[in-house]
Amino acid sequence: MSALDFSPAPGAAPAPRRVLSHALTETRLLVRNGEQLLLALVIPVAILVIGRFVGGRFGQIGTLAPSVLALAVWSSSFTSVAIATGFERRYGVLERLAATPLGRRGLLAGKATAVALIVTAQLVLLSLVAAALGWRPEFSVLSAAAALVAVLLAIATFCCLALILAGTLQAEATLALANLIYLAFVAGGALVIPVTSYPAVLQPVLRLLPTAALGEMLRAGSLGQLPWWPIPVLAIWLLVSSLVVSRVFRWTS
Amino acid sequence: MPSRDADALVVDDLVVSFGGRPALDRLTLAAAPGELTALLGPNGAGKTTLLRCCTGLLRPSSGTVRVLGGAAGTADAATRVGSMPQSTGAWSGITPAELLRYLAGLYAHPLDVAALSRRLGLDAFARTPYRRLSGGQQQAVNLAGALVGRPELVFLDEPTAGMDPHARHATWSLLRDLRSAGVTVVLTTHAMDEAQVLADYVFIVDRGVVAVEGTVAELTGSGQTLEQVFLANTEGAAPR
């Protein structure tokens, strides 16, 4: 039997270490999860490859590649976060960690860092695949900066929307609804299909969606264009969704 | 209950309601430093709700909770308190070794993870995903997680539920060591024998209030067993 010294010696590790430790743990768990990898990489790569050779509504590689990058941001920041957090809440992970030195803010910061790590890896890998398939983006400095801002705003917005679901519904309901919303916005949210491909009557409404804002910003940005509306739309969604999540999120099931 | 200004935990007139139904109804209790305090009560008595208030996860409608002299749920309290929730408390795909290393990394002076794992008998399944562990093995991992930060006060929600007799007795031995080391332990349990052999002080909670309290000797002084005292002072839910 070991001589463990149980005498109290409480103290918190430095905050950056706590957050990084949490982010790396979540990232490792996601990389091991087959379903999450399917969402994060396999489906986007499949769309890139099929779209490149079949074309259709997704358009040519110049339109398809930024659309798939938007899809990757959507899947990792919304669907994956909603499902994972729903089950973390169900399994008491949130309850346990909120009562450690990591705390609620650290938990959210760690989660955001994990999403940022995963999305960065996705965007790099998918961009390389797209380049191998012939994608030659024409970003200007300004359009690249705007695209980056849009991606960051979209990640934060989608995470807030995910936490609204995961923090209010049962885990199974979150799983079902997150997948349903994922598919609904892929098909009808102007995320991977340009707004101009939808009926004219729907286009003004679609431009109010965060998915459309991200998709259009990446598509236009990769052509060196700078539409004015995506960033304000995403900023408003972030403001509203962050206010809602701070009011409705429950840490326990 | 004696007056306990220096208590590790002071709960005063606590009220928590869910959908208009009171889960805690002006509950008042305290836990002395360095002692093991047991909360007994039937399902739905409010024990888990109380522990969630003590770790700051639930905000009471009224009343106060003081943890180690400060408010519940602050960063200071989270550093000084260990918590073992009743539900599983871990990601399904993580291994015990990974979970404990991760939790240890949140603290400045954690226990040695290898030694703690040996003490709790976790080595045999240290690399098995959490979802594949038995209920008792999961409990042992959760207990280790509550202790790894060397807390002054630990809240343990049914720490031996699902454990086999060997594991239960090993856990009891560990809880005694914690108390000897000066750690304040507050645990909930349905096991009367557990409270009987471990607790310095017992609160029997029913329908959100303390029905009766005292040392085991005081509660059983009239010749009743602790279980008889429990049954006489609680109503619980009738089986359907």
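Just so it is clear, none of the values below were taken in a lab; they were calculated from the coordinates. Bear in mind the structure is a predicted one, so any value in this text is a computation, not a measurement. Heads up, the Cβs are rebuilt from the backbone with ideal geometry, glycines too, and the neighbour counts pull from every protein chain shown.
Observations on the structure shown:
- Acute angle (nearest 10 degrees) that the helix A:171-188 long axis makes with the longest principal axis of chain A, alpha-carbon atoms: 20
- Over chain A, relative contact order from alpha-carbon pairs under 8 Å, at least 6 apart, %: 28
- Positive minus negative residues near residue A:113 (Lys, Arg vs Asp, Glu; Cβ under 14 Å): +4
- DSSP-defined beta bridges in the protein assembly as shown - what % are antiparallel, rounded to 5: 55
- Shielding by partners, peptide B:89-95 (average Cβ within 10 angstrom, other chains): 6
- Degrees between helix A:80-90 axis and first principal axis of chain A (Cα, 0 to 90, nearest 10): 30
- Calculated [θ] (222 nm, deg cm²/dmol) that DSSP helices of n ≥ 4 give over the protein assembly as shown, each run adding -39,500 (n - 2.57): -16000 deg cm²/dmol
- Averaged over the residues of peptide B:67-77, the number of Cβ atoms from other protein chains lying within 10 Å of each residue's Cβ is 2.
- Protection proxy ranking of A:89-99, A:187-197 - average other beta-carbon atoms within 10 Å, highest first: A:89-99, A:187-197
- Highest mean packing first, where packing is the average number of other Cβ atoms within 10 Å per residue, the peptides B:163-173, B:181-191, B:80-90 line up as B:80-90, B:181-191, B:163-173.
- Seen against the Cα atoms of chain A and their longest principal axis, helix A:15-32 is set at about 60 degrees.
- Charge tally for residue A:81 (other residues, Cβ to Cβ under 14 Å; Lys, Arg +1; Asp, Glu -1): -1.
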